[in-house]
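Heads up: the structure comes next, in structure tokens.
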Amino acid sequence: MTIYKFHPGEHMLQELVIENFTIIRNMHLETKQGMTVLTGETGAGKSILIDALSLALGGRADASQIYPGRDKTDISAVFLLDQQTRAAQYLATHGLNNVDADLTCILRCLINKKGRSQCYVNGKPVTKQILKGLGVLLVNIHGQHEHHGLLSPHEQLFHLDRYAGHNDLVQAVTLAAKSLKDIQLQLDLLQEAKNQEASQRDLLTYQLTELDGLHLTAGEVKSLEEKQRRYRHQESILEHCTSVSACLEADTGANVLESVTRIKKELQAITRYDDGLTNTLKLVDEAEINLQEAAAEVGAYINNIDHDHGELVQIEARLERLYDLSRKHRVDLGQLFEHYQTIKEALTDCSENDDKIHALTIEKEQALLKYQRAAHKLSLSRQRAANELSPEIVKLMNNLGMVQGKFAVKFTKLDIDQANTMGAEQLEFQVSTNPGQPLGALSKVISGGELSRISLSIQVLTAIKAPTPTLIFDEVDVGVGGSVAEIVGRLLKSLGQHCQVLCVTHLAQVASQAHQHVKVSKEIKATKTCYQVKNLSKNCRKQEIARMLGGVNITEQTLAHAGEMLGASMV
């Protein structure tokens, strides 16, 4: 692949190399600055070149686009960039600069039989999203179908914004609108939850009030049940305690402590003569101490036994109340306190939702104010752009045969609840193409030919403002002819002084104005279709212009006319 030497200030599509794409087996197209036209018979495949370039720029891939009998499609596009262009900055931001030539950008797209694509920028694999982001900065394609697309208010807004070049204002409005929408969505969800829980909140409040009256504490149920058991079995407990106390230290008869004390004395006597039972003596000594402590604790316990029957009545009444509420709330008695805490937390969550709604309401007011400020700035910029664009379009309309044509942009302010990511207004392109005819919507007052001329005017004017190195016009001159077609050609040629222009056309008047001329042709040989592109010399170019003028039979007069057209375009 040949790389041209870069010239200061030059930024354009330099080469397009296509392998195995639809009917193209191999093709290599070199382009230059200025205006280049692509011509050829109907069906020759001129627009296929545009389709191939679109794929290299991140367009949608399809396995059906592979040349029959081949495994893959391979498309490469080479651009030369000025360091100041947004595309060059985009490459630097994403680390995609060409190490061999920083001002060269090579895009490549491979499509396999499964319809999957692989994308590369300067030999580095990239995602389709990154490639698309770069593509819109390199090439702007205007198709013939945009004439009818221009009837859409959304498309009209797009062209005005592109002419105004206020991308930062559009982005600010978009972000502010999305933020406002996100906050409103959160508010709606919280409000819906609040509405759904309204009845539940009333029930929780009633239950909490009921349980609050109990002054229930953690572990209270367990403590009450233990006390209840002691009071109910108090006599049996006292009987057993008395028996234990008697065994330990009864005043009459044998008791455990006396027996242990006697054993201790016997062991002490033995150890005076033999220390073999010293450890045994130690164990008995410890047992005596433990039994003395046990006897003291049993005695204290007996003395502290409460014989107040009234407290038992109170305890059982309290437990009965708690039990009734546990049944009412359908929880185990032992889980009543935890249930009480759960109700308190649920009501706290409801209160937190109220706090969140309040906080989001304030946040929404701030976001709305931010959106209104951003939308106001965008509206003012759009008004200024419309005031600047309208007379320019009128001038082109007059040049294109609509001598007393008029053009204006009508703005309609939206209600705040209708305002969206596109701004706080709708707009409508209005025209008048005949004397005395009032301004009216573009879609209602003009013919197809008039629409194509006005659309071309808008596309040319907005293209001049758009900072893309290469502009492509794919049969945008459809519907015009005669002297108007010549003016269209001059218009595109003048545009070529600002940037690179590629134009697919069937009009000799347009083709004759170009700085370079490429002919596209195809020929069927046996069962194969041969596709060819050729940069025309001056003489071949005259032949092609004559063909476009005269059709199959090219006369000397037609050739002379073609020569005159080419000569006039050089002036």
List the number of the failed condition for Ala164; all other conditions in (1) surrounded by fewer than 17 Cβ atoms within 10 Å (Cβ to Cβ); (2) modelled with pLDDT of 80 or more hold. (1)
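How about the stretch 96-137: which strands (runs of 3 or more DSSP E) wholly inside it have at least 3 residues that are of a type outside the set (D, E, K, R) and touching a residue at least 24 places away in the same chain (Cβ under 8 Å)? Write out each step before concluding.
Numbers: elements: 104-111, 117-121, 124-126.
Fully inside the stretch 96-137 and qualifying: 104-111, 117-121.
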Kindly indicate whether Val476 is closer than 30 Å to Gly133 by Cβ and at pLDDT 85 or above. no
Criterion: of a type in the set (Gly, Ala, Ser) and touching a Ser or Thr at 6+ places or on another chain (Cβ under 8 Å) - qualifying residue of Ala485, Ala560, Ala511: Ala511
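Of all strands (runs of 3 or more DSSP E) completely enclosed by the stretch 355-474, which ones contain at least 1 residues that are loosely packed, with under 13 Cβ neighbours inside 10 Å?
Working: elements: 406-413, 425-432, 470-474.
Hits in the stretch 355-474: 406-413.
The values are calculated or read from the model by the stated rules, or taken from the named source; none is laboratory data. These numbers come from a predicted model, not from an experiment. Neighbour counts run over all protein chains shown; Cβ positions are idealised from the backbone, glycine included.
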